[in-house]
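Below you'll find the structure, written out as structure tokens, and then a few comments.
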Amino acid sequence: MNSVVLRRVLILVMVIFSISVLTGCSHMEKAPQNRLPGYLYYHKPLPEADRTLDAARNAGKDKECPAEFDMVNATVDKAYEIYMACRTKEAMKMAQEAIDETKALCPPKPVAEMKPEPQPEPTPPPPPPPPPPPPPPPPPPAKVIDKMTLRVNFDFDQATICSSDKSKLDKVVDFVKKYPGAKIKLDGHTDSIGTEAYNRKLSQKRAEVVKKYLMKEAGVDPSKISTVGRGESNPVADNKTKEGRFQNRRTEILILSE
């Protein structure tokens with residue numbers, strides 16, 4: 001090959017190299033100062049990965065999540081190493097992954113939902129006291145199981161049994177003895193002569209006289225005998241007649257059930 005042809009070839013090679021350099025520089029960037037000297041320009045993802053790491057470091061993420069930060073930093077170093085071995089595409093891919101991982105470092109932790117502190121269960125009120133037991137029912141009223149009416153003629157304003165009425169009282173004694181231990185109630189009555197208050201007292205006295213007679217002659221326990229003076233309140237006959245007033249002057253002897 002003559003010198004003219006060789007010169008033309010060299011010029012063509014230089015033109016092609018210049019074009020490739022000028023075209024490639026648009027996709028390249030000056031190397032960071034911390035990288036190996038002698039390589040002034042790198043493809044842009046590599047310096048971009050370095051800048052992203054520096055920004056993360058300035059934000060304190062190397063201390064906030066140091067393990068993850070060191071892993072990304074190692075990835076950038078590995079990308080440069082591969083780039084220097086002329087595995088450009090692989091290096092660019094790794095640099096871009098490092099950029100994405102650096103931006104995702106130390107994601108903010110979700111704010112824990114504030115749950116209200118559990119409150120202690122309220123102490124239930126004590127149960128109401130049981131109602132008091134109902135009072136026992138009153139004993140049933142004593143029933144009259146037998147009855148005898150004694151009619152005697154008391155002298156006016158007197159509560160003394162006349163001797164003529166002793167035979168009547170003996171019948172009362174026989175009547176009471178048929179019910180040994182039974183309770184006896186004596187109701188005294190008068191006719192309507194005199195005031196009501198006077199007749200009530202007089203009837204009470206006459207009932208008491210019969211009680212004493214039964215205690216003496218029939219041996220009845222006094223605790224078994226009760227007396228009531230009813231005065232003129234319960235007539236059994238007409239007080240306008242002598243016979244009627246006699247019927248009303250009486251003492252009723254009631255034998256009661258327990």
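The values are calculated or read from the model by the stated rules, or taken from the named source; none is laboratory data. Here the structure is a predicted model, which is why all the values come from computation and not from measurement. Don't worry about glycine lacking a Cβ; one is built from the backbone with ideal geometry, like all the others, and counts go over all protein chains shown. With ligands, DNA and RNA removed, areas are computed over all heavy atoms of the protein, side chains included. Shrake-Rupley method; radii C 1.70, N 1.55, O 1.52, S 1.80 Å.
K143 is checked against (1) of a type outside the set (D, E); (2) open to solvent by 80 Å² or more (accessible area, probe 1.4 Å); (3) at pLDDT 90 or above and fails just one. What number does that condition carry? With (1) of a type outside the set (D, E); (2) open to solvent by 80 Å² or more (accessible area, probe 1.4 Å); (3) at pLDDT 90 or above applied to K143, the lone miss is (3).
Within the range 32-68, the set of residues being out of contact with any helix residue (DSSP H, G or I) (no Cβ under 7 Å at 6 or more places or on another chain), modelled with pLDDT under 85 and either closer than 17 Å to E101 by Cα or not aromatic (F, W, Y) (or both) comprises Q33, N34, L36, P37, G38, L40, K44, P47. Counting only residues that are of a type in the set (D, E) and open to solvent by 40 Å² or more (accessible area, probe 1.4 Å), the range 181-191 holds 0 of them. The condition (being at pLDDT 80 or above and not β-branched (V, I, T)) is satisfied by just one residue among S163, S192: S192.
For the range 92-117, a residue qualifies if it is open to solvent by less than 100 Å² (accessible area, probe 1.4 Å), modelled with pLDDT under 85 and over 22 Å from A67 (Cα atoms), and exactly one does: A112. Considering only residues in the range 192-232 that are farther than 30 Å from K177 by Cβ and open to solvent by less than 60 Å² (accessible area, probe 1.4 Å), the one that is nearest to the chain's Cα centre (by Cα) turns out to be E232. Of everything in the range 233-258 that is of a type in the set (V, I, T), open to solvent by less than 40 Å² (accessible area, probe 1.4 Å) and in contact with a helix residue (DSSP H, G or I) (Cβ under 7 Å, 6 or more places away or on another chain), the residue that is nearest to M148 (Cα to Cα) is I253.
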